[in-house]
Structures are given as structure tokens and as C-alpha cells.
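Read through the structure below, which is laid out as C-alpha cells, and then see the notes.
The values are calculated or read from the model by the stated rules, or taken from the named source; none is laboratory data. This is a predicted model, so every value here is computed, not measured. All Cβ positions, glycine included, derive from the backbone under ideal geometry; neighbour counts span all protein chains shown.
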Ligand SMILES: Nc1nc2c(c(=O)[nH]1)N[C@H]1C(S)=C(S)[C@@H](COP(=O)(O)OP(=O)(O)OC[C@H]3O[C@@H](n4cnc5c(N)ncnc54)[C@H](O)[C@@H]3O)O[C@H]1N2
Ligand code: MOO
């Protein structure tokens, strides 16, 4: 699926298309949070504030890529053994002469004068006499100093959230400290008089809060410092006071509920009363349409819809842009995988539809096939449990037939950092 699929002009002129909403959400954030220097052991999951250049070439010295024999003359078949080098040894001081070989193991430094290594399976050895079955190419089975990374090369660029790959290259180059973005302080607030904390008894008409635990789980990452702001009531003054306090201590406040048009949906009014503004409201996505975003105090604000699946979709598509920009993460376009629909349905109208789904083999067109789970609905959580991601049905389609090209956003790709 191309990016163009996301910029479809939606039928409802009051709804923003997804790419415009993402751009507006990013624009609400002035820039990333400040920086701090951390020791290597603390870098996992943190976001680099600047590029890290290599203090050393990698590999740091020429060495053998195989267990075998290093030889001075690759064109020659017969050699006489002159020593032994294992990984970790300091190497030989005197250069090999033509006709000489050294027993060598993978990772051991190449002796001076050696021009190739032969694998031990390819030689016949009798005492100290080595005979190759065939001549070697110059440089065979030798890893050269700096062939992976030259001294001064950028090992990891700014904006990378460090996973095992980044830690491996930094460790290999002996980098012991790095400048990273400080943790983004994320305040999580649920709104609604019906909400009850997990563990407390449930009174009639009440439900347990699912959104705060969901978002806290998604944001339990080293780049974020999640602050639990609890449940805000459906009461304008109290909500205003909560937002004012949170706006002074958080980098971003993520709320859920109270975004829609009902008499009890007080978020927009409370944001205004707290001196804040909303710069984005109502996006052409299904579910998640009533999402809003803006600023309160020094914090950015993302107001997700109350229905849990709508809140999840709103976070994946829009909220995440705000959080990642604050975290200093390299901006990534939303790029669903191109897949074939393993189902048929009527089109989603003016809103791009997102539905819990799994990848299910390969379709007749040769692309992965996607199967929707459950019967949909923005309040349903059960289909998410078996889902691997979201089927993406672009706005404007009249219908979806089996085999049609649609999109798939994996949870793995859409929820990281
Ligand atoms: N007349 C209209 N009504 C609604 C519209 C509309 O356009 N016109 N939009 C609907 C859509 S779409 C959605 S989505 C919801 C969003 O509403 P709110 O963001 O105002 O959310 P609430 O009304 O507070 O709650 C909706 C629903 O979700 C439950 N909820 C809320 N928070 C939580 C939570 N933390 N954990 C679990 N469940 C939660 C809440 O009890 C409600 O059932 O509005 C539609 N209405
Ligand atoms: O946007 Mo609502 O999320 O359709 O249920």
C-alpha cells in the first residue's frame, strides 16, 4: 500500500485525513526534551541525542575468519608450519617468509607477512608439512582492520532508540558513554465517573478502567517516565484543575474519554479553562475519530477516545507521533505492509478502517493474506488478544473483495518506542 492511500480526501469535510493529522500532531511539539549523559549499561531503549562516531576501526586488527593455516604465499601448495595463534593471542612479531605457515584459529591476529588463510579441511598435514589441495586467492579468509567500520565513521545516528543491534556496535567499538534524551514524562489520565480502579469493588453502572493500564503497558519503555494521574471526573472544574497541575509537571498528558460531543464530554472545555489549546480534532479513522491534541501549560496533550480499541488506534496512529517527537526519535512514516484481503465487506466510507487481524498464509496474488478477527467495534478488546496487528482499509473504497490489496500494520512495528 502506498502512502497515497492515507491521504485520500475523506467524504466528511469535518474530518482530517491521517497524514495531515500526524503532521499537525508533530507540529504541536516544539522539539525533543533535553539531554543527559549515560554510562553504557544504562543505554538500552534510550534515544541518542547526537551521532556516535567510532573511536576505533572495526575490526581493530587483521585477523583470521577460519580455523586453519595462515600462509605467506597464497599461490603455493606446500608450506612448513612455524607456530600457532589462537584468538586472544598477541600475535607474532616476525614476519612469515614465503613457504611458511602458521596454525591459526578464527579471530586470531594475522601474523605479519601472511596473505591468506586456508581452512583446515582443505589441507593435508604431515607433521609440520602442510599441503593445500588448491592455491588460494590473495586475502582469502582474512578479515581486514576497518573493513566493517573505519575510525570516525558514525556507528549510530541521532534519534536511534537503542536496541540490541545498537548496543552491539557501540560495545564492539568500546564506547562507554553516550548523550541521550532524558526520559519523556508522560502523564496518563482516564476520564469518566463510571471508571473504577482494578481491585476495587464494582458498583452498579461502573466499569473497570482499561485504558490507563493499556497505555501504561505500551509506554513501559526506557524512553518514557509514566506518571499515573488517575481518573478525572466528568466535572469541568475538577478536570481543569487536574490538567493545570499535570501541564506543569509533564512533557505530555495522554487522556482517554470525554472527547466526543456528549454533555458529559468535558475535555475540550477543561483544556480551554486551563489556558490550553486544541490544535487537532476529529480524524478520518475508524475507530478513533473523536481524537484531539493540543497543549496545556508546558505539556503537549493527546486526548484519546474513551472506547478502548479506539484509544489504541488513536495512540498507534496519532499519539505516538507526539510521544516520539518529544523522545527525539527519528520520525518514521506510517507504512502498512501491502497484503491481500482474506475477507469481503462493504467499504469504510470516508474514514480509513482499522480492524484487529492476523496474517494467514499467502493469497492468490502472491502477497500475505490478512484475516480480520472478531466482529469489530471500538469497545471490543477480545479480538486484540489473538491479533498480530491491524488490517487497514483505506477510506473511499466502495467495497472490499477477497484478494483486494489492503494494508496491515503489525503491532510490533506500530507500538515500539
Ligand atoms: N452523538 C455522538 N456520540 C458519539 C460520537 C459521535 O460522533 N456523536 N462518537 C462516538 C465515538 S466514535 C466514540 S469513539 C466515543 C468517544 O467518546 P469519548 O471519547 O467522549 O469517550 P466516553 O464517552 O468518555 O467513553 C466512551 C466509552 O468508552 C468507555 N470508556 C471510557 N474510558 C474508559 C476506560 N478508561 N476504560 C474502559 N472503558 C472506558 C466509556 O465507559 C464509554 O462506554 O463516543 C461515541 N459517541
Ligand atoms: O471512533 Mo469511535 O472510535 O468509531 O468508536
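Apart from one condition, residue 335 fits all of (1) within 20 Å of residue 247 (Cβ to Cβ); (2) away from ligand 2 (no atom under 16 Å from the Cβ); the exception is (1).
Would you confirm whether any residue within segment 39-47 is assigned to a helix (DSSP H, G or I), under 21 Å from residue 314 (Cα atoms) and modelled with pLDDT of 95 or more? Don't jump to the end; show me each part of the working.
Filtering segment 39-47 down to residues assigned to a helix (DSSP H, G or I) leaves 40-42.
Right, trim to under 21 Å from residue 314 (Cα atoms) and you get none.
Within segment 39-47, not a single residue is assigned to a helix (DSSP H, G or I), under 21 Å from residue 314 (Cα atoms) and modelled with pLDDT of 95 or more.
Have a look at 331, 310, 300 and point out the one that is assigned to a helix (DSSP H, G or I) and either farther than 29 Å from residue 382 by Cα or within 13 Å of ligand 1 (Cβ to nearest atom) (or both). Write out each step before concluding.
Details: 331 fails: assigned to a helix (DSSP H, G or I); 300 fails: assigned to a helix (DSSP H, G or I).
The unique qualifying residue is 310.
Restricting attention to segment 166-219, the residues being within 16 Å of ligand 2 (Cβ to nearest atom) and on the phi > 0 side of the Ramachandran plot number 1. Would you confirm whether any residue within segment 194-207 is assigned to a strand (DSSP E or B) and in contact with a helix residue (DSSP H, G or I) (Cβ under 9 Å, 6 or more places away or on another chain)? Yes, segment 194-207 contains a residue that is assigned to a strand (DSSP E or B) and in contact with a helix residue (DSSP H, G or I) (Cβ under 9 Å, 6 or more places away or on another chain). Out of 233, 222, which single residue is touching a residue at least 40 places away in the same chain (Cβ under 8 Å) and in contact with a strand residue (DSSP E or B) (Cβ under 8 Å, 6 or more places away or on another chain)? Exactly one of 233, 222 is touching a residue at least 40 places away in the same chain (Cβ under 8 Å) and in contact with a strand residue (DSSP E or B) (Cβ under 8 Å, 6 or more places away or on another chain), namely 233.
So in segment 238-260, with the set limited to residues that are within 13 Å of ligand 2 (Cβ to nearest atom) and at pLDDT 95 or above, which one is nearest to the chain's Cα centre (by Cα)? Give the derivation first.
Residues of segment 238-260 that are within 13 Å of ligand 2 (Cβ to nearest atom), as a first pass: 256-257, 259-260.
If we keep only those that are at pLDDT 95 or above too, we end up with 256-257.
Details: 256: 23, 257: 27 Å.
Step by step, filter segment 238-260, then rank; the result is 256.
For the residues 263, 228, the requirement of being away from ligand 2 (no atom under 16 Å from the Cβ), part of a loop (DSSP other than H, G, I, E, B) and either at pLDDT below 95 or surrounded by fewer than 17 Cβ atoms within 10 Å (Cβ to Cβ) (or both) singles out 263.
This table checks each residue for (1) touching a helix residue (DSSP H, G or I) at 6+ places or on another chain (Cβ under 8 Å); (2) modelled with pLDDT of 95 or more; (3) assigned by TED's automatic domain parsing to the domain that holds residue 49; (4) assigned to a strand (DSSP E or B).
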position	(1), (2), (3), (4)
76	no, yes, no, no
80	no, yes, no, yes
89	no, yes, no, no
97	no, yes, no, no
103	no, yes, no, yes
107	no, yes, no, no
111	no, yes, no, no
135	no, yes, no, no
187	yes, yes, no, yes
